[in-house]
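A short write-up of the structure that comes next.
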Amino acid sequence: MEINRRSFLQATALTGGGILLSLYPETQAKAQFGPPAKLSPSAFVKIHPDGKVTLMARSPEVGQGAKTMMPMLIAEELDVDWKSVKVEQSDFDPKYGFQFAGGSFGTPGSWEPLRRVGATMRYLLVIAAAQEWVVPTTECFTASGRVFHRPTNKSLGYGELAAKTSALPLPDPKAVPFKDPKDYKIIGRSTAGVDVTQITTGKPIFGIDVTLPNMLYAAYHKCPVFGGKVVSANLEEIKKMYGVRHAFVVEVPDIMGNILPSDPGLESGIAIVADNWWAAQSARKKLNVVWNEGRWANQNSEDFAKRALEMSTQTPARTVKVDGDIDTALQGASKTVEGKYVYPFISHATLEPQNCTAHFKDGKIEIWSTSQVPGSGRSMVAKQLGIPESAVTLYMLRAGGGFGRRLTNDYMVEAAYIAKQVGVPVKLIWSREDDMAHDYYRPGGFQFLKAGLDASGKVVAWRNHYVTYGDGNRYADAADMRPNEFPQRFIANFGLYSSVLPLGIRTGYLRAPGSNAFAFVIQSFIDELAHAAGKDPLAFRLEMLANPAFPSPPGANNPFAGNLDVKRVQGVLELVAEKAGWGKRVLPKGTGMGIAFHFSHSGYFAEVAEVSVSAQKGVKVHKVWVAGDIGSHIINPIAAENMVQGSVVDGLSELMSQEITLKSGRVVQTNYHQHKMARMSQSPARIEVHFLTSENAPTGLGEPALPPILPAIANAIFAATGERIREIPFSKSGYTLE
Amino acid sequence: MQFKITVNGKATNVDVPEDMPLLWVLRDVLHLNGTKYGCGIGQCGACMVHVNGRPARSCLTSISSAANAKVVTIEGLSIDGSHPLQVAWKDVDVPQCGYCQAGQIMSAAALLATNVNPTDKDIDNALDGNLCRCGTYLRIRHAVHAAAKIKRESTKKTAPKTTSSGSKKRQ
């Protein structure tokens, strides 16, 4: 994203002699962020008379490090010392342009515009100093928050120039020069998170910590079957319980269709509002509710699996992509391989449960939220309450994890609705059990694969019948597979087909959506093909990449086109192989190494896992090597390494032990003991992270490091044991984490 | 019911039901929100505090069982964020989302109180009850070692005559 012709910058004076630099974005980068923001000025940079600088962090902070990284971009081009910078979290306001955390979009969406914010301010400060000294700007330079005049060595601090700068006309943003990257002092330097001290001293900075005068606490009890509605409940009894102030039924219209709509907003339930949350939650346990469970009360995971298997033998409902003639190629193949791959629904399970605080008064509402997409939350609240969006004020609080869960705003609408009923500030908190029972789950899926090899071991045919969830031509949210998903283009005869099952639970975007499951399937099956061909798994992949069946489509280097750039895949594969000593180490019996790569969210990652498996199927991941290419700069290396290491641990949990199942329309798993994440002792002792820099603008890191770890470990388990596991989680096949 | 507890050195009376968990007394009655709710069933450790010097999950500790006890929460670990763990957490830049970190630090503080030279295994044992959804375990382990080192060095400075029996160097 660039600041385009219709975007411009404006400086205005601050009281006290400071200056405020504003960015007016007229167009949004992506349609997914909703309609273009309404124009109004926004402050990103404040230079105070004493030279201190305040930079606004505009995006939600959910642990991805945006609150530190985005201001680093501004500070670099502004040419100030990081220690003179104070970062403030902005509120939600269209004047800031996109305020969104998701899709690994923070970096590519900020790299150009936020550096330009800093560069423009520096440009103006130099003009102001040159005018002051009556010298040409070409004789001036900046460093550490000062403008210097080279011939005389005179200097003025930014704070001293701020008032004068505010009176200057703005330059054409395109005319503003950027720094030479070799002069970077902040970009590329490890910078501790701006909130770390707040976190380690227990300051109330998270959404769930919001405390307001006269605030009450709410629990919201929904039907365990999605779409179920309250018929009656013992509310009079509940109202008499300790601490309870209000208890009422929330009624909503029926949900129609064969899949649930994304982010439908309010669902039927019972609100209990009390003096503290435990009181609300305790009263809730005494609830006696008669539900109309609706049409989804008979769905079971076992039935989905049975139905998917039946569908696999039938003609697929849809053709997603076909190249060549698969049937003929399979008939002519000297060897065919088949694999049925299965993966479950899983929950986001952010450690901070969903919560939201709201205060409705005089037709207006204030909301304190951890939403990853506050803008759509604001619209939904306005619609639900029948008030204009301008009557909704939204404050953005640090979130205890996002992973895509907070891309929906169900809890925000619930809090707003309850707040309007009770008239005082209300903090709604979901219990962990609520969170697990009412998530937007990563959609499960079934992939029925068949491939053919020729006599030389080359893949000549690949057929995938993908069975997932949806309604007619519509996939459930996050269940679609792109037609250009690898290995399309690298196999002459290729077919991707799909069929869908109706589904009465909500699905949504979990970190590296699609990819978090597809990489496991594709890279495991490619491993099967490598072994069938009698070839080394790394060499087999490199051969495939070196011999595409079709040329690269236009736009391969456009980070948003979704077309894989072969050179970048080769780069990370070769780097990770070198670092891991692939094929060069003798491993003890019961130990194996696995390799995999994946391209998603504009990032290229290849990973190697070294794993041992005990006779009792205990899996120990000893070490993981990661090589990534996310462009020309790693903006904050210490945070980038952390993010990649966390992705590995996250993927390990998904592979080994996480699963959401349905019985009689209800989610079976209730808490972390049944939807397990790896603990410290079960995590790899070492995770080496290497970045390959390439001549591409930097892209995001929240997602692309995760997908390859699942197949890398799966392939290592195969190397260690000879057993190919095609169903996630591996706990279903008797494997446990050690 | 009335209960007396001492939280971070300050004696307080609270009037709450006897089965109310300490977690919710801290958060919703005393408004000390540094201690976190994650699961409510003793799985995640986000609610870890010290009760009479021992690590305890405040979600499973009723106020009646903590009556008259000395409770330390993350807010009371140090006056100014200078506890070796707080220093090390910043140096190592441990957190991602940060939600679990108060609990991690409280578990680690209980470990360092009795063991200033922990092995990886000691750390795993002490912190395996604390989940990190972001997967910062490598950083946490590293920071606990770093904090232990800070603690050993400050102990040496303040008590130079102490003999260092069995202080094998690690890492």
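No lab work stands behind these numbers, since they all come straight from the coordinates. Fair warning: this is a prediction, and the values are worked out from it, not measured in the lab. Using ideal geometry, Cβ is built from the backbone for each residue, glycine included, and neighbour counts are taken over all protein chains shown.
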Open item on the list: At R0 = 30 Å, how high is the FRET efficiency between A:Glu251 and A:Arg307 if r is their beta carbon distance? Nearest 0.05 is fine.
Closed with: 0.35
TODO: Could you tell me whether the protein assembly as shown comes out rounded, prolate or oblate from its Cα gyration tensor? Rule is a ≥ b ≥ c as square roots of the eigenvalues, rounded for a/c under 1.5, then prolate if a/b exceeds b/c, otherwise oblate.
DONE: rounded
Task: A:Thr507, A:Thr138, B:Thr6 arranged by Cβ crowding within 10 Å, fewest neighbours leading - done: A:Thr138, B:Thr6, A:Thr507
Task: Derived scalar couplings ³J(HN,Hα) [segment A:115-127; Karplus, 6.51 cos²θ - 1.76 cosθ + 1.60; whole Hz; x for Gly, Pro] - done: 5, 5, 4, x, 5, 5, 5, 5, 4, 5, 5, 5, 4
Task: Kirkwood Rh in Å, taken over segment B:1-55 so that all alpha-carbon pairs contribute - done: 11.9
Task: Residue-span extension gain [A:Val135 to A:Val668] - 0.36 nm each, minus C-alpha spacing - done: 184.5 nm
Open item on the list: Relative to 2.2 N^0.38 Å, what does the C-alpha radius of gyration of segment B:84-158 come to as a ratio? Two decimals please.
Closed with: 1.01
Open item on the list: Just to verify a number: FRET efficiency for A:Lys240 and B:Ser64, C-beta to C-beta distance, R0 = 30 Å, to 0.05?
Closed with: 0.85
TODO: Could you calculate the FRET efficiency of B:Thr119 with A:Ser614 from 1/(1 + (r/R0)^6), where r is the beta carbon distance between them and R0 is 22 Å, rounded to 0.05?
DONE: 0.50
Task: Taking chain A and dividing mean pair separation by its residue count, relative contact order in percent (alpha carbons under 8 Å, at least six apart) - done: 13
Task: Per-residue ³J(HN,Hα) for segment A:132-139, Karplus 6.51 cos²θ - 1.76 cosθ + 1.60, θ = phi - 60°, Hz, x for Gly and Pro - done: 4, 8, 6, 9, x, 4, 5, 8
- [ ] Please list the helices of chain B that count as membrane-span-like by this rule: a mean Kyte-Doolittle hydropathy of at least 0.0 together with Cα atoms stretching 18 Å or more along the helix axis, each helix being a complete DSSP H run.
- [x] B:101-114
